[in-house]
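A short write-up of the structure that comes next.
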Amino acid sequence: MAENINASYKSAGVDTEKGQEFVKRIKENVATTHSKNVLGGLGGFAACYDVSFLKEYRQPILLSGTDGVGTKLEIARLLDKHDTIGIDLVAMCVNDILVNGGKSLFFQDYIACGKLNVQKMEQIVSGIVEGCKQADCSLVGGETAEHPGVMREDEYDLAGFVVGVVEKDQMIDGSGIQLGDRIIGLKSSGLHSNGFSLIRKLLLVDGKLPSSGIEFIQNHVFVPTRIYVKSILALLENHKVKGMVHITGGGYHENIPRVLPKGMGAKIVTNRIPVLEVYSKLQKDYKLDKEDMYSTFNMGVGFVLVVADKDMDSIIQALNGLGEDAFHLGDVTDSGKIQIA
């Protein structure tokens, strides 16, 4: 005869009451991101978003993107700092659909954790809320799942999903890029959310924070990703841009070719990039190869625009007026490759 086991969901490691408490605690904060198009509140089976405004578009194209923040999460765990990692999550998604000229409409998140820590989860969501505000995007819902026995109690993972819209004849796809066009770089806030597998290998000691260097990690490594949405959308109201690139994993060599027509290349002039301490220190301390660094990190440039030569100066001036640090980064070539000069 089988043994009678007195079991419950809670005894198995999932506390549904704590989950309900978490939703109650974040509802008011999440609601601060809602536009008039959000119907209902947080906690329903589905998020509802009124898209009747799309009738104002001639040919509305919906854009979607999904992403995470990679192993930057491990740095958050070690620092026990969780209030900005949500900004990274939103940034990785909204900056991606911005490349096509898309306006972000609504965002959803997924949080998996070993054990639900309400205070920690509340901090994470506060970062997501801040990111959505920076992107002028509504946080309409999400899912928080406990995975006891699968993840460590203090471990969590994040994923985000965004939906946006752009007028079809205003989509930016790089198809009009030609030889001699100029490349404009926008300064990054730091590493953003890429290259952290290498960062952890270099900076952590046996997987732990070093006894020295924590201040550098806090102030230069763990800086949240910059969100470029508001400045770029404002720019596009009055200026023509041929192509845009979000510099993420794979650095320059992987991301810039994604917007260039077949056979086109780019020459990047690195001495024009503002020097960030995080990169100068990494290169100096660990003797990293320059080409490898530009194939891994953003190296101080988080977003790139490709424009006609005649438009470059006015666009740089406009971007700087919108609060960005914009500069002439390089030029489009017919080399078929990315040259780091």
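Summary table below
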| quantity | calculated |
| --- | --- |
| Calculated P(r) tail over 17 Å for the stretch 122-211, as whole % of Cα pairs | 75 percent |
| Accessible area per residue in Å² at 1.4 Å probe, computed on the chain | 48 Å² |
| Whole-Hz ³J(HN,Hα) from phi, Karplus 6.51 cos²θ - 1.76 cosθ + 1.60, for the stretch 179-194, glycine and proline x | 3, x, 5, 9, 10, 9, x, 10, 4, 8, 8, x, 5, 6, 10, 10 |
| Calculated FRET efficiency for the pair S197/H328, C-beta based, R₀ 35 Å, to 0.05 | 0.65 |
| Accessible surface of the chain [probe 1.4 Å, protein heavy atoms]: carbon and sulfur percent | 48 percent |
| Sequence-distant residues sharing a close amide H with Y49 (under 5 Å, placed H) | L39 |
| Estimated FRET transfer efficiency when R0 is 51 angstrom, pair F45-Q178 (beta carbons, to 0.05) | 0.55 |
| Relative contact order [Cα under 8 Å, 6+ residues apart], the chain, whole percent | 21 percent |
| Under the span-like rule (Cα at least 18 Å along the axis, Kyte-Doolittle mean at least 0.0), DSSP H helices of the chain | 85-98, 118-135 |
| T225 long-range amide H proximity, modeled H, under 5 Å | D88 |
| Cross-link reach list, lysines versus K24, counting only Cα pairs under 16 Å and skipping chain neighbours closer than eight places | K120 |
| Whole-percent pair-distance distribution, where bins are 5 Å wide, for the alpha carbons of the stretch 204-288 | 2, 9, 13, 18, 19, 14, 10, 7, 4, 2, 0 |
| Shape call, the chain: gyration tensor on alpha carbons, a/c limit 1.5 | oblate |
| FRET efficiency for I214 and A145, using Cβ-Cβ distance with R0 set to 22 Å, rounded to 0.05 | 0.10 |
| Volume of the Cα convex hull of the stretch 53-211, divided per residue and given in Å³ | 148 Å³ |
| Dipole axis of the stretch 232-279 (+1 Lys, Arg; -1 Asp, Glu on Cβ), positive-most option in A266, L235, G250 | A266 |
| Shape call, the stretch 21-128: gyration tensor on alpha carbons, a/c limit 1.5 | oblate |
| Distance between modelled label sites at L54 and R258, nm, 7 Å Cα→Cβ extension | 2.4 nm |
| Interchain or long-range residues, amide H under 5 Å from G265's placed H | T333, D334, S335, G336, K337 |
| Among beta bridges that DSSP assigns inside the stretch 222-341, antiparallel share in %, nearest 5 | 75 percent |
| Candidates per trypsin sites (Lys or Arg not before Pro) in the stretch 49-142, loop by DSSP, up to 10 other Cβ within 10 Å | R58 |
| Inter-label distance, nm, simple model (7 Å from Cα along the C-beta direction), S64/E28 | 3.4 nm |
| Expected 222 nm ellipticity per residue - DSSP helices of 4 or more, -39500 (n - 2.57), all of the chain, to 500 | -9000 deg cm²/dmol |
| Whether the stretch 285-341 is rounded, prolate or oblate, judged on the alpha carbon gyration tensor where a/c under 1.5 counts as rounded | oblate |
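The values are calculated or read from the model by the stated rules, or taken from the named source; none is laboratory data. Please read these numbers as outputs of a predicted model, since none were measured by experiment. We place every Cβ from the backbone using ideal geometry, glycine too, and count neighbours over all the protein chains shown. The protein model used for the area step is the full one, side chains on, heavy atoms only, and it has no ligands, DNA or RNA in it. Shrake-Rupley method; radii C 1.70, N 1.55, O 1.52, S 1.80 Å.
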